[in-house]
Amino acid sequence: MNLNPEQVGKYVTRFTNIFIDYSPKLISAFIVLFVGLYAIKLINRIIRKIMEKRNLDPTLTKFLADILLWALRILLFVTFISNLGIETSSFVAILGAMGLAIGLSLQGSLSNFAGGMLIIVFKPFKVGDTIEAQGVIATVLEIQIFVTKMITANNQTVFVPNGALSNGNIINYSMQGERRADLTFAVSYDSDIKKAKEILLDVLVQNPKVLKKPAPEVFVKNLSASSVDFAVRPWAKNADYGSVFTETLENCKAALDQAGIAVQPYTIQK
């Protein structure tokens, strides 16, 4: 293919003229883009500090800051393409149509977004709480726009969709600050029932992690076919619950063995 030098020169001249005419818009658009990104980061940081100084809930602070961040980014993008000379009215119409199509295809995501809003507003739990929901028992690390991030006792990270979380049952183990351990010890009918009860109650009283108020309880809860079943119920602070549960099991078994009272296998009565 033979190129005509004169024709090539015309194309180069036309391209150069277009570039020169368009370069101010291009330069101004990118200036707006870079300044805008820096301004958004600065505004987001300032808003976070203001909300933190007003002692707003950390979860609410992060949630609102994330929404503001994305809103400002969308506004900056529209301003950027406007400075490039692209007609924004038609673009906004296209963006609206795309938003409708995306919204219809992402109904689950919108449900999760709405669920996140409900969690933030009604606060069934907050960051740091231990909850049971959707078949998971874990501590809440972060409430994001679409999911809640949690960590289990064996250090596994779990992401639960906010839609399912807000519409399901939630057990919050941290909200009240105190928690009761419900244990059962079964002893034989040949045992001294009063003595066994005194031993079990003494174990609870001697444990410094067991709260005095509400007072710990020990009582006969069931007379099964082969044993007398005692309910052992110590109260503890949330932070001490795990150790109180395991120490009560161990110490009660050891105390009953020392007193010569045989512990029977406990079976749940149906």
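The table below gives the values:
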{"read-out": "Breaking point among (1) over 28 Å from Leu211 (Cβ atoms); (2) more than 10 Å from the chain's Cα centre (by Cα); (3) of a type in the set (S, T, N, Q); (4) buried (at least 16 other Cβ atoms within 10 Å of the Cβ), for Asn162", "value": "(2)"}
{"read-out": "Criterion: farther than 23 Å from Ile131 by Cα and either touching a Lys or Arg at 6+ places or on another chain (Cβ under 8 Å) or among the basic types (Lys, Arg) (or both) - qualifying residue of Asp229, Asp240, Asp202", "value": "Asp229"}
{"read-out": "Filtered residue count, the stretch 162-201, keeping only those that are among the aliphatic types (A, V, I, L, M), touching a strand residue (DSSP E or B) at 6+ places or on another chain (Cβ under 8 Å) and closer than 15 Å to Gly260 by Cα", "value": "5"}
{"read-out": "From the options Leu56, Leu72, Leu95, Leu68, residue that is at pLDDT below 80, more than 30 Å from Tyr241 (Cβ to Cβ) and of a type in the set (A, V, I, L, M)", "value": "Leu95"}
{"read-out": "Filter result (crowded, with 16+ Cβ neighbours inside 10 Å and assigned to a strand (DSSP E or B)) within the stretch 165-179", "value": "Asn172, Arg179"}
{"read-out": "Close pairs from the stretch 214-242: first touching a residue at least 60 places away in the same chain (Cβ under 8 Å), partner among the hydroxyl-bearing types (Ser, Thr, Tyr), Cβ under 7 Å, at least 6 apart", "value": "Asn238/Tyr173; Asn238/Ser174"}
{"read-out": "Elements of type strands (runs of 3 or more DSSP E) in the stretch 115-159, at least 3 residues being out of contact with any His (no Cβ under 7 Å at 6 or more places or on another chain) and surrounded by fewer than 17 Cβ atoms within 10 Å (Cβ to Cβ)", "value": "136-143"}
{"read-out": "Unique match (being hydroxyl-bearing (Ser, Thr, Tyr) and more than 30 Å from Asp66 (Cβ to Cβ)) among Ser166, Ser188, Ser174", "value": "Ser188"}
{"read-out": "Selected residue (criterion: farthest from the chain's Cα centre (by Cα)) from residues of the stretch 186-200 that are surrounded by fewer than 13 Cβ atoms within 10 Å (Cβ to Cβ) and of a type outside the set (Asp, Glu)", "value": "Tyr189"}
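The values are calculated or read from the model by the stated rules, or taken from the named source; none is laboratory data. All values derive from a computational prediction rather than experimental measurement. Neighbour counts are summed over all protein chains in view; Cβ atoms, including those assigned to glycine, are modelled from backbone coordinates with ideal geometry.
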